[in-house]
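What follows is one structure encoded as structure tokens, with my remarks underneath.
What follows draws every value from the coordinates through simple rules; no lab data is involved. As the structure is a prediction and not an experimental result, all values here were calculated from the model. So basically every Cβ, Gly included, is an ideal-geometry build from the backbone, and we count neighbours across all protein chains shown.
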Amino acid sequence: MEYILDTADIEAIRYCNEFYPLAGVTTNPSIIAKEKTNFWELVSEIRSIIGPDKIFFAQTVQKTAEKIVEEAVLLNEKSRGEFCVKIPISEEGIKATMMLKKLGIRVLVTAIFTPAQALLAAKAGADYVAPYVNRLDNIIGDGCNVVAEIVAQFKLHNLSCKVLAASFQTAEQVHKCAAVGCQCITVSADILKAVIAYPMTDAAIEGFDRDWQNVYGDKTILDF
Ligand code: E4P
């Protein structure tokens, strides 16, 4: 299971890349627009932080298959390392996925809300599909159950397409999706921090510190 960071905030990427086992960074047009800066400079800065081996995901803003392919080829060239283009599911997007497969460019089909959409994308050659967990939960759907169905369906049909679950609001959603076997989870820095945090962990660490200090004071193992 891979953790991916879902942001274009440079400071958040720098921080999480240092403290968490990230496999890459995902973005989408809303995430990029939030930074209100030059697109290629932002891409270059993200790459310089994560290095060439972690995957950078950028989403096309084109609407026709030919233009999506053109944009994906440019993004792939200019991203200077492991790259995957994100394409929202549509007829043109599926056509572009099949075209990009022939060019050897990785594709993530995004904005997935049903297992049937995911199956079609995988059959078109997508390397990843991204079901939106919290957006499903928000409409009284069951995002984690949709992820589980997609995972089961890919197994049943022997498809190598990975399930990259996206759109998270809670650590509980992350836990439930990991438990049903999705291969990747993309989350904000806040959700990563929420996954680590647990009050009993803090209490346990405080106990260790107190017991040690009662006997050895400020001395550490390095001081013996
Ligand atoms: C990632 O691929 C998606 O674009 C993103 O996770 C959507 O998240 P949101 O529902 O929090 O906007």
Starting from the Cα-Cα distance between Lys101 and Glu18, subtract it from 0.36 nm times their residue separation and give me the gain in nm to one decimal.
-> 26.6 nm
The extension gain from Ile221 to Ala152, computed as 0.36 nm times the residue separation minus the Cα-Cα distance, is 20.0 nm
Note down the nm distance, to one decimal, between modelled labels 7 Å out along Cα→Cβ at Ala179 and at Arg210.
-> 3.2
Against the longest principal axis of the chain, how steep is helix 65-78, in degrees 0 to 90 to the nearest 10, with axes from Cα atoms?
-> 40
Helical mean residue ellipticity (222 nm; -39500 (n - 2.57) per DSSP H run of 4+; nearest 500) of the chain = -16000 deg cm²/dmol
Of all the C-alpha pairs in the chain, what % are more than 32 Å from each other?
-> 25
Tell me, Thr170, Thr27 in order of fewest to most beta-carbon neighbours within 10 Å?
-> Thr170, Thr27
Please arrange Val129, Val180 by counting, for each residue, the other beta carbons lying within 10 Å of its beta carbon, fewest first.
-> Val180, Val129
Do any trypsin sites (Lys or Arg not before Pro) in the range 2-44 lie in a DSSP loop with no more than 14 other beta carbon atoms within 10 Å, and if so, which?
-> Lys36
Please work out how much length the chain gains when fully extended from Ile139 to Ser44, using 0.36 nm per residue of separation minus the C-alpha to C-alpha distance, in nm with one decimal.
-> 30.5 nm
Measuring from the longest principal axis of the C-alpha atoms of the chain, the long axis of helix 91-103 (C-alpha) lies at a number of degrees, nearest 10, equal to 80
